[in-house]
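Below is one structure, written out as structure tokens; comments come after it.
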Amino acid sequence: MKNIKAKILSHYPMGDEALQALLEHMTPARYPKNTMLVRSGVTDRNVYFIEKGVTRSIFHNEDTDTTT
């Protein structure tokens with residue numbers, strides 16, 4: 001989470017107390033390849049910061065699939 005902490009501070013400087021309060025609500029997690037983090041029509045109460053790896057989004061529209 002060192003990279004995430006540095007990135008947050010580079011965009012939004014804050015005091016140590018505020019940063020610590022934010023970090024207390026963050027939990028590092030590892031997910032295996034092909035794990036679905038977000039599903040269409042489902043409200044998720046999590047925010048994901050990708051520190052290593054990539055994500056793939058697929059949009060289904062009639063006969064075609066678009067990947068981003």
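The values are calculated or read from the model by the stated rules, or taken from the named source; none is laboratory data. Only a predicted model underlies this, so the values are computations on that prediction, with no experimental measurement involved. Cβ sites come from the backbone with ideal geometry, for glycine too, and all protein chains shown count toward neighbours. Note: areas computed on protein heavy atoms with side chains; ligands, DNA, RNA excluded. Shrake-Rupley method; radii C 1.70, N 1.55, O 1.52, S 1.80 Å.
Sites listed here are trypsin sites (Lys or Arg not before Pro) in the chain whose DSSP assignment is loop and whose Cβ has at most 13 other Cβ atoms within 10 Å: Arg30, Lys33, Arg39, Arg45, Lys52, Arg56.
When you filter the GluC sites (Glu not before Pro) in the stretch 1-64 for DSSP loop state and at most 14 other Cβ atoms inside 10 Å of their Cβ, you are left with Glu24, Glu51, Glu62.
Between Tyr48 and His25, residue separation times 0.36 nm minus the direct Cα-Cα distance comes to 7.1 nm. What a 1.4 Å probe finds exposed on the chain is 51% carbon and sulfur by accessible area, rounded to a whole percent. The residues of the chain have, on average, 101 Å² of accessible surface per residue, using a 1.4 Å probe with all protein chains present.
Annotation note: chymotrypsin sites (Phe, Trp or Tyr not before Pro) in the chain located in DSSP loop regions with a Cβ neighbour count of at most 13 within 10 Å are Tyr48, Phe49. With one equal scatterer per alpha carbon and no solvent term, the Debye-computed log10 I(q)/I(0) for the chain at 0.22, 0.24, 0.28 1/Å reads -1.09, -1.18, -1.35. Surface calculation, 1.4 Å probe, protein heavy atoms: Ser40 sits at approximately 120 Å² accessible.
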